[in-house]
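The values are calculated or read from the model by the stated rules, or taken from the named source; none is laboratory data. Keep in mind the model is a prediction, meaning the values are calculated, not measured. When we count neighbours, we look across all protein chains shown, and the Cβ atoms used for this are built from the backbone with ideal geometry, even at glycine. SASA here: full protein model, heavy atoms, side chains in, ligands and nucleic acids out. Shrake-Rupley method; radii C 1.70, N 1.55, O 1.52, S 1.80 Å.
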Amino acid sequence: MAMTGSGDVVVAAGQCSVDEPDVTMRVAHQLLAGGATMLRGGAYKPRTKPTSFQGRGKEALATLARAKEETGLPIVTELLDVRDLADVLEVADMIQVGARNMQNTGMLKTLGQVDCPVLLKRAFSATIDETVAAAEYIWRGGNERVILCERGIRTFEPAYRFTLDLAAVPILQKRSGLPVWVDPSHAPGRRDLVLRLSLAAIAVGADGLIVEVDEDPPTARSDPDQQLYSADFAIYLGKVRGLVEAMGRRIA
Ligand code: PEP
Ligand code: MN
């Protein structure tokens, strides 16, 4: 994987949370047809409120395994609790550490000993140095396959959920030597901004995108306002590809 913001661009796409298996299968096939590189999907969801949908856990992992078998798309999914590591490793080709766990140093040390790439999302209030230090916990343990992800930080602005820190992308690349992805979905929390922020991420040299897509987002049990419609994914990715190729790069 390129480390300089000049290699192939990875596009991981999929549902915020995996729910009904048939829906996930249809979404996965649409993403494959639309040109996605990887399938994302949450089995264990880090929700702000304990009364919100927490994800379908092992059932969702089984659904992801089936989607991978049917489409061949590699899976990225979040590890929320190290006690679930063995189950997650059975299906994940990349383990996501969510923003809320970026400084869970016990989890980071554990992932340092795992033979699987880790997508480490920047915490909402972490500086660039703190983000690189969190990655260091993983690679010092022996796992050098770490990818950072800028997913928006908390600022005073309420017009969107988080402020996407685009300047952090090249700085993180330079300071860490690691690939840096952008999450254009969780940053704004608004579907209408996802394409523009994706293009901005490509323009600033991101190594990958992780974008939320569902069949019927308004009925999703998490993040209904930001997910793209899977029926629109090919059009979305076509626009992203146009810029990627204009910059002399390719989608992986
Ligand atoms: C997610 O990607 O599903 C997620 C919860 O993102 P974050 O940890 O960035 O909030
Ligand atoms: Mn989400």
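Tell me, what % of the accessible area of segment 81-122 is carbon and sulfur with a 1.4 angstrom probe?
Values: 680 of 1750 Å².
Summing carbon and sulfur atoms, their accessible area is 39 percent of the total for segment 81-122.
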| In bins 5 Å wide, starting from 0, what share of all Cα pairs of segment 80-124 does each bin hold, as a percent? | 5, 23, 37, 25, 8, 1
| task | Scan around residue 209 for amide H atoms under 5 Å from its own, H built in the peptide plane at 1.01 Å from N, and keep only partners 5 or more places away or cross-chain. | result | 10, 11, 12, 182
| task | With no solvent and one equal point scatterer per Cα, compute the Debye intensity ratio I(q)/I(0) for the chain at 0.10, 0.13 Å⁻¹ and report its log10, rounded to two decimals. | result | -0.41, -0.74
| request: Note down the nm distance, to one decimal, between modelled labels 7 Å out along Cα→Cβ at residue 6 and at residue 22. | output: 5.0
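State, as an integer percentage, the relative contact order of segment 8-143 based on alpha-carbon contacts under 8 Å between residues 6 or more apart. Present the calculation step by step, with values, prior to reporting the outcome.
Numbers: 232 pairs, mean separation 25.0, N = 136.
Relative contact order of segment 8-143: 18 percent.
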| Check residue 42: other-chain or 5+ apart residues with amide H under 5 Å from its amide H, H built from backbone geometry? | 17, 18
| remark: Which residues qualify? For residue 215, with a placed amide H closer than 5 Å and at least 5 residues away or on another chain, they are 230
| message | Counting only helical runs of four or more DSSP H residues, what would the 222 nm mean residue ellipticity of the chain come to if each run contributes -39,500 (n - 2.57) and the total is spread over all its residues? | response | -10500 deg cm²/dmol
| request: First measure r as the distance between the Cβ atoms of residue 59 and residue 154, then evaluate 1/(1 + (r/R0)^6) with R0 = 35 Å and state the FRET efficiency to the nearest 0.05. | output: 0.60
| Which of 53, 12, 31 sits farthest toward the positive end of the charge dipole of segment 1-53, with +1 on the Cβ of Lys and Arg and -1 on the Cβ of Asp and Glu? | 53
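Quick one: order 29, 186 from most to least accessible surface, probe 1.4 Å.
Details: 29 80, 186 25 Å².
Highest to lowest solvent-accessible surface, that is 29, 186.
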| request: Work out from phi, with θ = phi - 60° and the Karplus expression 6.51 cos²θ - 1.76 cosθ + 1.60, the ³J(HN,Hα) of each residue of segment 231-248, listed in order in whole Hz, and give x for Gly and Pro. | output: 5, 9, 4, 4, 5, 4, 5, x, 5, 5, 4, x, 6, 3, 6, 4, 8, x
| request: Bin all alpha-carbon pair distances of segment 1-79 at 10 Å intervals from 0 and give each bin's fraction as a whole percent. | output: 19, 46, 25, 9, 0
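With a 1.4 Å probe and every protein chain left in place, work out the accessible area per residue of the chain in Å², rounded to a whole number. Mind showing how you got there, number by number?
Numbers: 10720 Å² over 252 residues.
Per residue, the chain has 43 Å² of solvent-accessible surface.
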| note | Between the modelled labels at residue 66 and residue 175 (7 Å from Cα along Cα→Cβ) the distance in nm is 4.4
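Using 0.36 nm times the number of residues separating residue 84 and residue 33, minus their current alpha carbon distance, what extension gain do you get?
Numbers: separation 51, 0.36 × 51 = 18.36 nm, distance 3.13 nm.
Full extension from residue 84 to residue 33 adds 15.2 nm.
Any chance you could run the full-extension gain for residue 190 through residue 144? It's 0.36 nm times the residue separation minus the Cα-Cα distance, nm to one decimal. Mind showing how you got there, number by number?
On the way: separation 46, 0.36 × 46 = 16.56 nm, distance 3.34 nm.
Residue separation times 0.36 nm, minus the Cα-Cα distance, leaves 13.2 nm.
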| said: Please list, in order along segment 188-197, the HN-Hα scalar couplings obtained from phi with the Karplus expression 6.51 cos²θ - 1.76 cosθ + 1.60 (θ = phi - 60°), rounded to whole Hz, x for Gly and Pro. | reply: x, x, 9, 4, 5, 9, 5, 5, 4, 5
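Given Cα pairs under 8 Å that are at least 6 residues apart, what percent is the relative contact order of the chain? Show your work: numbers first, answer last.
Details: 571 pairs, mean separation 57.1, N = 252.
Computed value for the chain: 23 percent relative contact order.
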| message | Can you work out the Karplus-derived ³J(HN,Hα) for every residue in segment 102-114? Use 6.51 cos²θ - 1.76 cosθ + 1.60 with θ = phi - 60°, whole Hz, and x for glycine or proline. | response | 4, 9, 7, 5, x, 5, 4, 5, 4, 5, x, 10, 9
| request: Loop only per DSSP, at most 16 neighbouring Cβ atoms within 10 Å: give me the GluC sites (Glu not before Pro) in segment 95-156, ordered by residue number. | output: 144
